[in-house]
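A short write-up of the structure that comes next.
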Amino acid sequence: MKGIKFEEYKECTCDESTCVKCLGGNCRDDGCKTHRLFDKARRRQYVLEDLISIVNKFEKMEKKGAPKEELNEHYNYRRLSEIRDEIKAYKKEVERLNELVKKGYARRI
């Protein structure tokens, strides 16, 4: 999810309610007839937690004094700043979706 921007509206054309790509970030249509806000919020929270665990893993390795050469062998280590930006975007999006769900905006099935 390189450089994800949740602010950009994109009408969803997917018809699979459990589509991991859409629930994880592709579906940006709050009124989507296929993907419920609650499900999107839950999946994006999962992605957020996964991203945070990646950053924590490498921060622990750095604190333990792992050699830079060893760390640079990991693809995710080389894109840590990008992952941190994604974490910020996912935090905002999860908060926004949870707020909409609390307000009753979520489509009920």
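Computed from the coordinates by the stated procedures, all read-outs in this text should not be read as laboratory data. All values reported here derive from a predicted model rather than from experimental measurement. In this analysis, Cβ positions are derived from the backbone assuming ideal geometry, glycine residues included, and neighbour counts consider all displayed protein chains.
Summed over region 14-23, the residues that are surrounded by fewer than 17 Cβ atoms within 10 Å (Cβ to Cβ) and either among the β-branched types (Val, Ile, Thr) or not in a loop (DSSP other than H, G, I, E, B) (or both) give a count of 3.
Listed conditions (1) in a helix (DSSP H, G or I); (2) hydroxyl-bearing (Ser, Thr, Tyr); (3) touching a helix residue (DSSP H, G or I) at 6+ places or on another chain (Cβ under 9 Å) are all met by Ser81, apart from (3). With the condition kept exactly as written, say whether any residue in region 69-78 is aliphatic (A, V, I, L, M) and surrounded by fewer than 17 Cβ atoms within 10 Å (Cβ to Cβ). Yes: one or more hits.
Could you check, for region 51-65, whether at least one of its residues is in contact with a Ser or Thr (Cβ under 9 Å, 6 or more places away or on another chain) and not small (Gly, Ala, Ser)? Scanning region 51-65, I find no residue that is in contact with a Ser or Thr (Cβ under 9 Å, 6 or more places away or on another chain) and not small (Gly, Ala, Ser), so the answer is no. Checking each residue in region 75-105 for being touching a residue at least 60 places away in the same chain (Cβ under 8 Å) and of a type in the set (Asp, Glu) picks out Glu82, Asp85, Glu86, Glu93.
Phe58 meets all of the listed conditions (1) within 26 Å of Lys10 (Cβ to Cβ); (2) part of a helix (DSSP H, G or I) but one, namely (1).
If you go through region 1-45 and keep only what is touching a residue at least 60 places away in the same chain (Cβ under 8 Å), of a type in the set (A, V, I, L, M, F, W, C) and within 22 Å of Asn76 (Cα to Cα), you end up with Met1, Ile4, Phe6. So in region 85-107, with the set limited to residues that are part of a helix (DSSP H, G or I) and more than 11 Å from the chain's Cα centre (by Cα), which one is nearest to Asn26 (Cα to Cα)? Going through the qualifying residues, I end up with Leu97.
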